[in-house]
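Presented below is the structure to which this report refers.
What follows is calculated from the coordinates using simple rules that are stated; it is not laboratory data. Only a predicted model underlies this, so the values are computations on that prediction, with no experimental measurement involved. Heads up, the Cβs are rebuilt from the backbone with ideal geometry, glycines too, and the neighbour counts pull from every protein chain shown.
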Amino acid sequence: MPIAVDHEERRAEVVAVAARLIAQSGMEAVSVRDIAEAAGCSTAIVSHYFHNKRELLLLTYNATIEHATLRAQTALAAADGHPKAYLAEIMPLDEERWTEWRIWLQFWAKAAADPEIAEIQKNCVTRTRGNIQDILEDEQRKGRIARDVDCALQARRLLTSIIGMAVQVMYDPKDWTVKRQNAFIDAELDAFYSREPERRRSAHRIAAE
């Protein structure tokens, strides 16, 4: 009897191999043949699952985004909703997240001249920023962040800080150690987390008067 093949699982395996090779060698240098060899299959099988290299690359890009998002959401749920748990999962703190950033930055370089990639990137940033804003607003409702903090602005600030930091990590990892990355984002969070919620500050003012 022929061996049953889980096609979705096989596609996912090929995408995972493509991600690793793109991170190692660059998307321009990687060929379908390279991906097939690393995945232990023929180019015909890869072509069966993906119409061309571009489709495979775009699926790889989207897959890394979705994987990081799911990982961040899982970490957030396990940390009682504190934003640092979410943010840490989209920072290049270990090999897995470093690999994701190497892939993302290669696609971002293409986005300037490729409307399809630019649209994917725009949607990714918009969604991630929205997720961070939702997290901050939830913390605000819990009284952990003052009511006068602009969560939309802080979400934009946090994501922009992470993107800028991650770019520097790629080029100067010895300077941007894990400890320094964490300290940098902690300082960004402390800028508004260290403030007392408005109701407490009001109570202090009333007591003082």
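Observations, loosely collected:
- Under a 5 Å amide H cut-off, with hydrogens placed 1.01 Å from N, Ile145 pairs with Gln140 among residues at least 5 apart or on other chains.
- Förster radius 45 Å - calculated FRET efficiency between Arg141 and Tyr171, Cβ distance, rounded to 0.05: 0.70
- Cα gyration tensor, the stretch 49-137 - rounded (a/c under 1.5), prolate or oblate: prolate
- q = 0.17, 0.22 Å⁻¹, the stretch 80-208: log10 I(q)/I(0) [Debye, one scatterer per Cα]: -0.93, -1.30
- Across the stretch 170-177, rounded Karplus estimates of 3J(HN,Hα) from the backbone phi angles (6.51 cos²θ - 1.76 cosθ + 1.60, θ = phi - 60°) give 4, 9, 9, x, 5, 7, 9, 5 Hz, Gly and Pro being marked x.
- Placing unit charges on each Cβ (+1 for Lys and Arg, -1 for Asp and Glu) gives the stretch 80-208 a dipole about its Cα centre, and among Ala166, Trp98, Gln181 the Cα reaching farthest toward its positive end belongs to Gln181.
- Backbone N within the stretch 45-72 under 12 Å of label point (7 Å from Val32 Cα along the Cβ vector): 45-57
- Under 19 Å of direct C-alpha separation, and excluding same-chain neighbours fewer than eight residues apart, Lys174 reaches these aspartates and glutamates: Asp94, Glu95, Glu96, Glu100.
- Long-range amide H partners of Leu93 with built H, under 5 Å: Trp98
- Cross-link table Lys53/Lys84; Lys110/Lys142; Lys84/Lys122; Lys142/Lys179, entries beyond 32 Å C-alpha to C-alpha: Lys53/Lys84; Lys110/Lys142
- Computed over the stretch 138-180, Kirkwood Rh from alpha-carbon pairs, angstrom: 12.2 Å
- Taking trypsin sites (Lys or Arg not before Pro) as exposed when their DSSP state is a loop state and no more than 15 other Cβ atoms lie within 10 Å, the longest site-free interval of the chain runs over 1-141.
- In this simple spin-label approximation, Arg20 and Ala118 carry label points 7 Å from Cα along the Cα→Cβ vector, and these lie 3.5 nm apart.
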